[in-house]
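Visitor: What follows is a structure written as structure tokens; I'll ask about it next.
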Amino acid sequence: RVITKLGATNDRLAYDKFEIDNIGLNINTGAFALQGVIAIKNDDPVFGDLFYGSISLKLNNFMDGPILVSAGFGKLPAYKYWFTDASLATDIELGTSVKLTSIYGGVQRRVQSTLTDSEQLARVAGIGMNPSQNGVIPFVPDQNQGLVFRAGVGLENEAEEMLNAEVMLTVAFNPSGGFQSINLSGQAYSMVTRAERADPNAKKIYGIVNINYDNAQKVFHATLNGTIYYPNTLSGNLDITLHADQNDWYFWLNRPTNRANVNLMSGLFYANAYFMVGTQIDPIPSPPNYITNAFAASAFTPVDFSATATGGGFALGVETGATINKEFPQNTPWRAYVNVQVALGFDLMMMNASNYHCSGSSEPVGMNGYYCQGQVYSYLNGSLGLRKYKNGVRQATHPVGGLQVAAILQGKFPKPTYMYGALVVHVNVLGIYNDSFMVDVEYGTNCTLVTN
């Protein structure tokens, strides 16, 4: 890159200097293959002055895979920083069916990784470390970070699609040399090879675990994410969180806004759930949209549980349902259709209410400091009719009848106890008879919780 500047008389451009941003190297011979890239930055707003390089070397007659090495050395006005890591492909048997496929190590100082947990684990297997002139530098300078050591291995079953995994241990020190944190992370895949992991249509089962202890803040935090995917047949995922610090502890199996779920036959059947226990739990969510939409034209007023934004105790919720859409007979001008959607679910929370009372009252609520809130609901929506087709294209739809039923029961208890229930029914027959009715019942005192 040639950089110019205005000449002495400011009426023409003059040569200033010549800079190199990137240097690429690619050599392939019968004996070896070598790829490399060098990135150079000067007076960069993020990196300051930086020299960063990445190489891949494979000796074809001696190595099963390449050795990959990355290194960066830079400085900013206030401090210097550096980064290096390497991954070596291996083929070491650990037993009758498992082998070590890669060894990884890295050391860095005054830098912060910009990679996600999954991307960092992929480097253990050499994935994402191949030199590229368009590659992203995997760190940014950070003067608050001290020395960080990383070590990891890649594992593989004799049949790679049965199991392939990476595990990494990270130990970090603060700039003064004191112990800062320790982290153990890993990911494992089944039903796919490493090369097939990113294929969105590949069937796979995989999980990612991250266990971290922050010595400075005295915080233990662990997460586990699991996913199963079999195209057009089965999909599901879950997230587990375990946390403990000097003030709080909790265990979460997903949350009301992000539930563990399983889906069969592209929506024919589904189920989702969450479970939370500890000093931090979420409030009960509002009823599902299909419930509130069914009551949209009525005077239905669901209980608002959001006043208890967070607190200790436990919360549990489950929802399940099924959807059927069928036409018969197939490949005829006139076809009957049936659409049915059914669902039911519940949410329950028992919370530590020792710091709450009802609005308008100073009396304590609940029993032994705990107060329960919950809801249960069900839904049915069905329709049937006839459809006319011509050359496989739908020409007209003639509904015969439809039925929609939704019911919900919500409550809070004990001391005070409050119950609210509602039922709505919509009926349509041939478009001639179209009617709906709604009934509801209320019992007790609706306590709006406020903090003491």
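Visitor: Starting from the amide H of Gly312, placed 1.01 Å from N in the peptide plane, find each other amide H under 5 Å away whose residue is 5 or more places distant or on another chain.
Guide: Result for Gly312 returns Asn352.
Visitor: Something else about it: Determine the shape class of region 227-385: with a ≥ b ≥ c the square roots of the Cα gyration tensor eigenvalues, call it rounded for a/c under 1.5, and otherwise prolate if a/b is greater than b/c, oblate otherwise.
Guide: Oblate, because a/c is 1.5 or more while a/b does not exceed b/c.
Visitor: For a quick check: with amide H placed at 1.01 Å from N, whose amide H comes under 5 Å from Gly401's, ignoring anything fewer than 5 positions away on the same chain?
Guide: Correct list: Leu384, Leu430.
Visitor: Please list 3J(HN,Hα) in residue order for region 363-374, calculated via the Karplus relation 6.51 cos²θ - 1.76 cosθ + 1.60 where θ = phi - 60°; whole Hz, with x for glycine and proline.
Guide: Calculated HN-Hα couplings, in order: 6, x, 10, x, 10, 6, x, 10, 10, 9, 9, x Hz.
Visitor: Can you give the FRET efficiency to the nearest 0.05 for Phe220 and Val140, using r as the Cβ-Cβ distance and R₀ = 22 Å? Spell out each step's value before the answer.
Guide: Working: r = 27 Å, r/R0 = 1.22.
The calculated FRET efficiency here is 0.25.
Visitor: Need the full-extension length gain, Asp44 to Thr292, defined as separation in residues times 0.36 nm minus the C-alpha distance. One decimal, nm.
Guide: Details: separation 248, 0.36 × 248 = 89.28 nm, distance 5.46 nm.
That works out to 83.8 nm of additional length.
Visitor: Same structure again: Kindly rank 58-65, 118-125, 377-384 from highest to lowest mean number of other beta carbons found within 10 Å of each residue. Could the numbers behind the result be given before it?
Guide: Details: 58-65: 12.6, 118-125: 22.6, 377-384: 17.5.
Top of the packing list down: 118-125, 377-384, 58-65.
Visitor: Read phi for every residue in region 118-130 and hand back ³J(HN,Hα) as whole Hz from Karplus 6.51 cos²θ - 1.76 cosθ + 1.60, θ = phi - 60°, with x for Gly and Pro.
Guide: With coefficients 6.51, -1.76 and 1.60, one gets 5, 5, 5, 5, 4, 5, 4, 8, x, 6, x, 9, 4 Hz.
Visitor: Could you check how much of the accessible area of the chain is carbon and sulfur, as a whole percent, using a 1.4 Å probe? Intermediate values should be presented prior to the final figure.
Guide: Values: 14480 of 24590 Å².
Roughly 59 percent of what the probe reaches on the chain is carbon or sulfur.
Visitor: Can you compute the label reach from Met419? Point 7 Å from Cα along the Cβ direction, backbone N cut-off under 16 Å, restricted to region 341-356.
Guide: No residue qualifies, since no backbone N sits under 16 Å from the label point.
Visitor: Can I ask one more? Using a Förster distance of 51 Å, how high is the FRET efficiency between Thr227 and Lys390, based on the Cβ-Cβ distance and rounded to 0.05?
Guide: Numbers: r = 43 Å, r/R0 = 0.85.
E between Thr227 and Lys390, to the nearest 0.05, is 0.70.
Visitor: So how much slack lies between Glu196 and Thr257, counting 0.36 nm per residue of separation and subtracting their Cα-Cα distance, in nm? Could the numbers behind the result be given before it?
Guide: Numbers: separation 61, 0.36 × 61 = 21.96 nm, distance 3.06 nm.
Extending this stretch completely gives an extra 18.9 nm.
Visitor: Okay, next question. What does the charge count around Glu161 come to, taking other residues whose C-beta lies under 15 Å from its C-beta (Lys +1, Arg +1, Asp -1, Glu -1)? Before the final figure, lay out the partial values.
Guide: Numbers: positive: Lys99, Arg194, Arg197, Lys203, Lys204; negative: Glu156, Glu158, Glu160, Glu196, Asp199.
For residues surrounding Glu161, the net value is 0.
Visitor: Apply the Karplus curve 6.51 cos²θ - 1.76 cosθ + 1.60, θ = phi - 60°, to the phi angles in region 209-218 and return the couplings in whole Hz, x for Gly and Pro.
Guide: Once rounded to whole Hz, the list reads 10, 9, 10, 9, 10, 9, 5, 5, 9, 6.
Visitor: Right, another one. Let me check against my output: what whole-number percent is the relative contact order of the chain, with C-alpha pairs under 8 Å and at least 6 apart?
Guide: On the way: 1185 pairs, mean separation 29.1, N = 452.
Computed value for the chain: 6 percent relative contact order.
Visitor: Taking 19 Å as the cut-off for C-alpha to C-alpha distance, list the pairs among Lys41/Lys80; Lys41/Lys75; Lys80/Lys218 that go past it. Display every interim value, and only then the final one.
Guide: Working: Lys41/Lys80 14 Å; Lys41/Lys75 10 Å; Lys80/Lys218 29 Å.
Listed pairs above 19 Å: Lys80/Lys218.
Visitor: Met265 versus Glu158, label points 7 Å from Cα toward the beta carbon: distance in nm?
Guide: Distance between the two pseudo-spin positions: 3.8 nm.
Visitor: Give the value in nm², to one decimal: projected area of the alpha carbon convex hull of the chain, averaged over all directions. Walk me through the intermediate numbers first.
Guide: Details: hull surface 152.1 nm².
Result: 38.0 nm².
Visitor: Give the aspartates and glutamates reachable from Lys58 as a straight Cα distance under 16 Å; neighbours fewer than 8 places away on the same chain don't count.
Guide: The reachable aspartates and glutamates, counting only those whose Cα sits under 16 Å from Lys58, are Asp91.
Visitor: Run the paramagnetic zone check for Lys99: 7 angstrom along Cα to Cβ, then residues of region 63-87 with backbone nitrogen under 16 Å.
Guide: Answer for region 63-87: 63-66.
Visitor: Please calculate how many Å² of accessible area the chain carries per residue, with a 1.4 Å probe and no DNA, RNA or ligand atoms counted. Could you put the intermediate results ahead of the total?
Guide: On the way: 24590 Å² over 452 residues.
Accessible area per residue, the chain: 54 Å².
Visitor: Answer with one residue from Pro131, Gln108, Gln145: the one whose Cα lies farthest towards the positive end of the charge dipole of region 64-205, charges on Cβ with Lys, Arg +1 and Asp, Glu -1.
Guide: Gln145
Visitor: Between Phe179 and Tyr370, with labels modelled 7 Å along Cα→Cβ, what's the label distance in nm to one decimal, could you check?
Guide: About 3.7 nm separates the two model spin labels.
Visitor: Here's another thing I want to ask about it. Compute the FRET efficiency between Val400 and Asn26 as 1/(1 + (r/R0)^6), taking r as their Cβ-Cβ distance and R0 = 56 Å, and round to the nearest 0.05. Numbers along the way, then the final one.
Guide: Values: r = 69 Å, r/R0 = 1.23.
Result of the calculation: an efficiency of 0.25.
The values are calculated or read from the model by the stated rules, or taken from the named source; none is laboratory data. Bear in mind that the values here come from a model prediction, so they are computed numbers and not experimental data. For neighbour counting, all protein chains shown are included, and Cβ atoms are generated from backbone atoms with ideal geometry for every residue, glycine included. Just the protein is used for accessible areas: all its heavy atoms, side chains included, with ligands, DNA and RNA removed. Shrake-Rupley method; radii C 1.70, N 1.55, O 1.52, S 1.80 Å.
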